[in-house]
């Protein structure tokens, strides 16, 4: 099929990929989900890239009054403490959240925290970001250090005057300081290369041209009966490098790249509160094809998995912007808490990883 | 322009659905009651929140001698002023763009085009007003949550 998604929908294949040396990265809601997935399934990962994301379970930072329903408090926390705190002191409390994370691990809802010890992290906040403020991202770094990640393994960047975005060097992307969809800004470098370059040191330079396969697969088989709560699109995508396709790589590594809100392939903008289904989705596959992941994956035999979330706004699930769940909209019952190993989205994405590893 | 007020995915010429129409009419009365209940629930929530923040402020009054509390409360106020300034800036930018568009009206060649442009301007102004109102209420919620969170941290901290 070459380096673009062809006409066919394929079943996600098995490549006997590594079961430990995998990684994950994401922007915004994809970054919050990166932290959740990294912690929930830390045994499967050796690193993570967090672009404008907050700490684990930060939507549960503060609940002052019993009169406020837990669900409402989570949404208020996510908006006003985890995204736009007025000052540093009103951003998430890293110490409290680190303790909550240890308790969550003790309760068996997520993997052992000890798995994080050798992990490598890339954490980024644009100094002009007014969607997820830098104070929040600074707490993410503190949070990971409190959980035992070595400070020398964390690349923390807050020196780029970028708005809320993943940064590329594509001339057609938005001006660097922009804080608007599609949240892909031109800063003169490919941030995905920095992310993977930090996680897996000594990578070869990105390929000039793609010789592998970009495949489109049906996500439904990974959702099963949970589809109703998942807010995930019909299709997901994966880039399979040419050497992996040829079967020439033993235990290739997998990188999971998570888009942010309003960045899924079938995201449809809302006009005056109504999905603008009469027009074409404005961004389509840009996160998958233009952010540079595939080029560095091709030259280093890394499979890139692009799971896709979609907008859903009904009585049960309120997620019009197609964000990954980091405040609880997909918790269908007490056993599938949105941050746990059994969360609807975490379970589905990890099942995709399991397929690649089989 | 489409035949419908907003792009809703309805194709012009699509067959009408009498069953859906009568169902929508029948459910509208119940929906109004549900909306009133939601408004009541949210109003109650904010009243409780204000009472809670009032109680926290009283508890905090005993700590105003603490330079850290004093300094952070000043930072909170400064942050609120900054956010208000940004909203004001967005309002001025939005109005400038609309005024520039208004100046282009004279270039319309047909009456239908002129009417379309005027309607577009009216909708855009309504949207600008709506965004300003939404952002202002969001800022009030932001202040409510952040102040409560900050004050509860300060009142929970042990006295030196």
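Coordinate-derived values only; no laboratory data. Predicted model, so just to flag it, every value in this text is computed and none were measured. Cβ coordinates were reconstructed from backbone atoms using ideal geometry, including for glycine residues, and neighbour counts include every protein chain displayed.
Assorted remarks:
- Euclidean distance between Cα centres, the range B:30-52 to the range A:58-130, Å: 27
- Over chain B, Cα pairs under 8 Å with separation of 6+ residues give a relative contact order of 36 percent.
- Spacing of the two label points (7 Å from each Cα toward its C-beta) at residue A:316 and residue A:11, in nm: 2.7
- For the pair residue A:107 and residue B:104, a Förster radius of 60 Å applied to the C-beta separation gives a FRET efficiency near 0.45, rounded to the nearest 0.05.
- Note on the protein assembly as shown: the alpha carbon radius of gyration divided by the globular reference 2.2 N^0.38 Å gives 1.03.
- For residue A:175 and residue B:71, a Förster radius of 30 Å and the Cβ-Cβ distance give a FRET efficiency of 0.25, rounded to the nearest 0.05.
- DSSP beta bridges in the protein assembly as shown [antiparallel fraction, %, rounded to 5]: 35
- Shape category assigned to the range B:18-156 from the gyration tensor of Cα positions, a/c cut at 1.5: oblate
- Computed helical MRE - 222 nm, the protein assembly as shown, DSSP H runs ≥ 4 contributing -39500 (n - 2.57), nearest 500: -14500 deg cm²/dmol
- Inter-chain Cβ neighbour count for B:126-139, averaged per residue, equals 1 (cutoff 10 Å, partner chain atoms only).
- In plain terms, the residue of A:356, B:99, A:86 with the fewest other Cβ atoms within 10 Å comes first and the most crowded comes last, giving B:99, A:356, A:86.
- Anisotropy class of the range A:163-230 from Cα gyration tensor, a/c 1.5 cut: oblate
- The mean sequence distance of close C-alpha pairs (under 8 Å, at least 6 residues apart), as a share of the length of the range A:217-285, puts its relative contact order at 21 percent.
- Put the Cα centre of the range B:70-84 next to the Cα centre of the range B:95-153 and the gap is 26 Å.
- Using alpha-carbon coordinates, inclination of helix B:111-156 to the longest axis of chain B, degrees: 20
- Here the relative contact order of chain A, from alpha carbon pairs under 8 Å that lie six or more residues apart, stands at 23 percent.
- Listed residues A:127, A:14, A:340, most fluctuating in chain A (Gaussian network, C-alpha, under 10 Å): A:14
- Cα-based shape type of the range A:139-191, given that a ≥ b ≥ c are square roots of the gyration tensor eigenvalues and the cut on a/c is 1.5: prolate
- Rounded FRET efficiency, nearest 0.05, which uses the C-beta distance separating residue A:279 from residue A:251 and R0 of 41 Å: 0.40
- Reducing the range A:327-358 and the range A:200-279 to their Cα centroids gives an inter-centroid distance of 16 Å.
- Linear extension gain, residue B:119 paired with residue B:22, 0.36 nm per residue minus alpha-carbon span: 31.9 nm
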